[in-house]
Amino acid sequence: MTKYIYAFDEGNKAMKDLLGGKGANLAEMKRLGLPVPDGFTLTTEACIEYLKQGAHLSDELIGQLHEQLEAFSQRTQKSFSSKESLLLVSVRSGAKISMPGMMDTILNLGLNDINVKTLAEKTNDARFAYDCYRRLLQMFGEVVYGIPMTSFDTYFNQYKAQHDYQSDADIPAEGLEEICDYFKGVYLEEVYKPFPQEPIVQLTEAIEAVFKSWDNDRARVYRQLNEIPHDIGTAVNIQEMVFGNSGAQSGTGVAFTRNPVTGEAKLFGEYLLNAQGEDVVAGIRTPKDISTLKAQMPQVHQQFIEVSQQLEKHYKDMQDIEFTIENEQLYVLQTRSGKRTANAAIHIAVDLVEEGIISKNEAVMNVEVKSIDQLLHPNFDDNALEKATAVSKMGLPASPGAASGEIVFSAETAKLKAEQGDKVILMRPETSPEDIEGMVASEAIVTTHGGMTSHAAVVARGMGKCCVTGCSDVEINVIDKKVTYPNGTLNEGDIISVDGAKGDIYLGEVETIKAERSKAFEQFMQWSEAIARLDVRMNAETPQDIQAGYQFGAKGIGLVRTEHMFFGPERLIEMRRFILSDTQDKRVNALNKIKEYQKEDFETILKLSGERPTIIRLLDPPLHEFLPKSTEEKNSVASQLNVTVSELEHYIESLNEVNPMLGHRGCRLAITYPELYIMQAEAIMESALKLKQQGIHCQPEIMIPLVSTVSEFTTLKSQVVERIEALQSEMGASVHYMIGTMIETPRACLIAGDLARECDFFSFGTNDLTQLTFGFSRDDAGKFINAYSEQGILTIDPFQTLDIDGVGQLIKQTTEQAKAANPTIKIGVCGELGGDHKSIQFFNQLDLDYVSCSPFRVPGALLSTAQSEVEGGRLRVK
Ligand code: PEP
Ligand code: MG
């Protein structure tokens, strides 16, 4: 018999797979002796089973639920029907990986027409009892029966307005009772059935609703975005209620053990007195800073500080803690690793090491690779900001970043406009989980309500998206599509700029500057680099990119794409002259000119690299990429080259290929035009020799692309080597160089051993290798890859994340064979996948030497390799 339910006493923090994050941590906190209301957890397996059985609770599960309730009643000495000690519970979802706002919560479950009276008598507070009941009616109606919240809210607000009540707290008990009666009527009107009065029915229906909510659209979107598997299910936590809304000595709040925006080592949080559960997160009332609790309830404040310190030390990470105070009694309802900005993540990791709480290895594991990318994002230029006109400076800096775009007022418009290539800023009074896709599509999010822990703030921080919340001097009217701010109005489509680090909004587009990295960042990257086994190189050609890559910690250049150097106007014309020459002499003349340009480039690149290895790839793309396309261009090229337009067109026609990706490209170009690679090799070596004369020692590595056979490689290699050797003896000097190949065709993989004996290095070109292994054109796959992922045929886009079972296996076998045949061969990856976190996790398990990626991906790649190493790295190779 499978055990589907665990009492909190039976679990611990290691059981996240089964109990979900929330359940496992509740159990752990109980084990630590912290004040956690009692309860039990239905496992993720129960959820999976329920969904598998077509949304049906099995008899076995129902049986276990009754047993658990019985034991729970015994422990708490409370029951759903007791007049003396009434049991009320909360029902909360909790997946293994936290999904804020994605799943649903029901509080005060167990109340009905009779129990509400019992609660009123017991607490001597009818107002409180009916407030709990109306909340249950609302939450249960929305979550379980799908009744729109507006059906309740509209009446509630009207009622307040009619009676001139300023806040919810002004509504007396009788008023709330009247509201409850109305709410019960809403059930009949909307779903033609009454609110279930039986607590056990409420409970089973609530459990089912949480299980089902695992599969709702917004949960799916969130999982897709965060690469959370769809088949792990959610747990459900049933917990005895404690009431933050039971008077002025009660309250509820959310706190982070450190500042989640800056990383400052200071408790950071918000609370509301006389409030329940979601009030703080929903942003309906503006909460107070946690420090003011000291004056209101000094003992509770002190106790909370101690609890938060204990939890941080225990979990060895910054914690996000939900708590409730019931009549000055503190209860902890949840703890989890807190979401934080990238900057905070780095600061917290470095501080925790320096405080002796965690090791460097643990620090590396505490920072998400995508945070690193956020740190490389731009900020607004200070001078431009000074000149900009402010719309509001009253907002909260919920998530840093600097973004400009057109105002939109709905998630749908945000998505639509973004799909058309427009940059948009989503402005809403507040956001809710339904807005998730619109938030993803937007450059920034602005809300007028809610604090630093509101839905908008938490979700945006998680995404690394610029966000400003609580902009209280701005009014957003989503119906009329208008923003009213102190000095004017704005309409949909108007451009604004949002400063997420300060909480400010400006008119128009404000200029941005590159991000500056802190000392903590440098320190953290040094630790990552020391732990990482794989080197990280960069793919770059321009001096700016190369300098950026070296600043980011690249160990060399893994790929210089020489074709990128031919696109300047003077160079292009010489290239065209070469392609369109009909004799070898003419070709050689054109090449001599190109060679001068190449030498200039190689000298710059090799000088910047110095002794760091630099792989220069000889020309790779099909030649027609260099030819003119428009009539205008053709006219001008024809006159530059002194041929007629029709001659030119005839020539272009003769170069046309049905399938250029499989055509005359890569090393095939040099099989037909050997002088091409010879010229490039000469340019590389002449530059290196010239630098040597200046005392600069460099390490050029010459790479021949798209090889499929050994003799293709050896033919070209011998031509290149012969020329280099001649050159070195002419100049009476030599430079250490290497010659290797790109592994981009499945055939090259299959003959890896033979090829490796001839090569100094291999570099996997995973873009082409993926293209040729799947037979998916890398330029056209976008047309069908979505359908593949929607139908679950592929779970990843293999051009973005390595296909481990196919392409990954080819890389593994090739590496093993190559190293066996030539133990000194150096092997790396230089395709896009060289900068992808998941792919790097796999590469790190193989006997590879480096990965190479674009300069801005270098720090992230370094962290990925370090994390993979901490997790066991090569030890896990089978
Ligand atoms: C590759 O194919 O992975 C590669 C790096 O080369 P390119 O993208 O230039 O074809
Ligand atoms: Mg390629």
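Once you reduce segment 578-629 and segment 353-377 to the center of their Cα atoms, the two points are 42 Å from each other. Counting lysine pairs in segment 377-513 that sit 8 or more residues apart in sequence, or on different chains, and whose Cα atoms lie under 17 Å apart gives 8. Here segment 5-240 is assigned +1 on the Cβ of each Lys and Arg and -1 on the Cβ of each Asp and Glu. Its dipole about the Cα centre then comes out at about 600 debye.
The magnitude of the dipole of the chain, with charges of +1 and -1 set on the Cβ of Lys/Arg and Asp/Glu and taken from the Cα centre, is near 1820 debye. Per residue, the chain exposes 42 Å² of solvent-accessible protein surface, assessed with a 1.4 angstrom probe and all protein chains in place. Evaluated at q = 0.13, 0.16, 0.17 Å⁻¹, the base-10 log of the normalised Debye intensity for segment 106-215, with identical point scatterers placed on the Cα atoms, takes the values -0.48, -0.71, -0.80. Put a plus charge on the Cβ of each Lys and Arg, a minus charge on the Cβ of each Asp and Glu, and nothing anywhere else: the dipole of segment 397-447 about its Cα centre is then about 140 debye.
Per the Debye formula with a single identical scatterer at each Cα and no solvent contribution, what log10 I(q)/I(0) holds for segment 377-513 at q = 0.09, 0.16, 0.19, 0.22 Å⁻¹? Here log10 of I(q) over I(0) equals -0.20, -0.68, -1.00, -1.40. Relative to the longest principal axis of the Cα atoms of the chain, the long axis of helix 645-655 makes an angle of roughly 70 degrees. Ellipsoid fit via the Cα gyration tensor, the chain: semi-axes of 61, 30, 26 Å, each the root of five times an eigenvalue, largest first.
Over the residues of the chain, the helix contribution to mean residue ellipticity at 222 nm works out to -14000 deg cm²/dmol, using -39500 (n - 2.57) for each DSSP H run of at least 4. Along the axis of the charge dipole computed for the chain (Cβ charges of +1 for Lys and Arg, -1 for Asp and Glu, origin at the Cα centre), the listed residues Leu18, Gln224, Gly553 are led at the positive end by Gly553.
Taking a ≥ b ≥ c as the square roots of the eigenvalues of the Cα gyration tensor, segment 229-311 is oblate, since a/c reaches 1.5 or more and a/b is not larger than b/c. Just report the Cα centroid separation between segment 18-86 and segment 226-251, whole Å. Using only Cα atoms to place each centre, the spacing works out to 12 Å. Ranking Ala530, Leu619, Thr824 by Cα position along the charge dipole of the chain, where only Lys, Arg, Asp and Glu carry charges on their C-beta atoms, puts Thr824 farthest toward the positive end.
Taken as Cα centroids, segment 746-769 and segment 550-576 sit 23 Å apart, rounded to the nearest whole angstrom.
Can you find, among Ile696, Gly508, Gly450, the residue farthest towards the positive end of the dipole of the chain? Put +1 on the C-beta of Lys and Arg, -1 on that of Asp and Glu. Of the options given, the answer is Ile696. Take the alpha carbon gyration tensor of segment 501-654, find the square roots of its eigenvalues, order them as a ≥ b ≥ c, and report rounded if a/c is under 1.5; if not, report prolate when a/b exceeds b/c, else oblate. Verdict is oblate for segment 501-654.
Qualifying trypsin sites (Lys or Arg not before Pro) in segment 11-85, where qualification requires a DSSP coil assignment and no more than 12 other C-beta atoms within 10 Å, comprise Lys83. The apolar share of the surface of the chain, taken as the fraction of accessible area on carbon and sulfur atoms (1.4 Å probe, ligands and nucleic acids excluded), comes to 48 percent.
The values are calculated or read from the model by the stated rules, or taken from the named source; none is laboratory data. Quick caveat, the model's predicted, so the values are computed rather than measured. In this analysis, Cβ positions are derived from the backbone assuming ideal geometry, glycine residues included, and neighbour counts consider all displayed protein chains. Accessible surface is based on the protein model in full, side chains and every heavy atom, while ligands, DNA and RNA are left aside. Shrake-Rupley method; radii C 1.70, N 1.55, O 1.52, S 1.80 Å.
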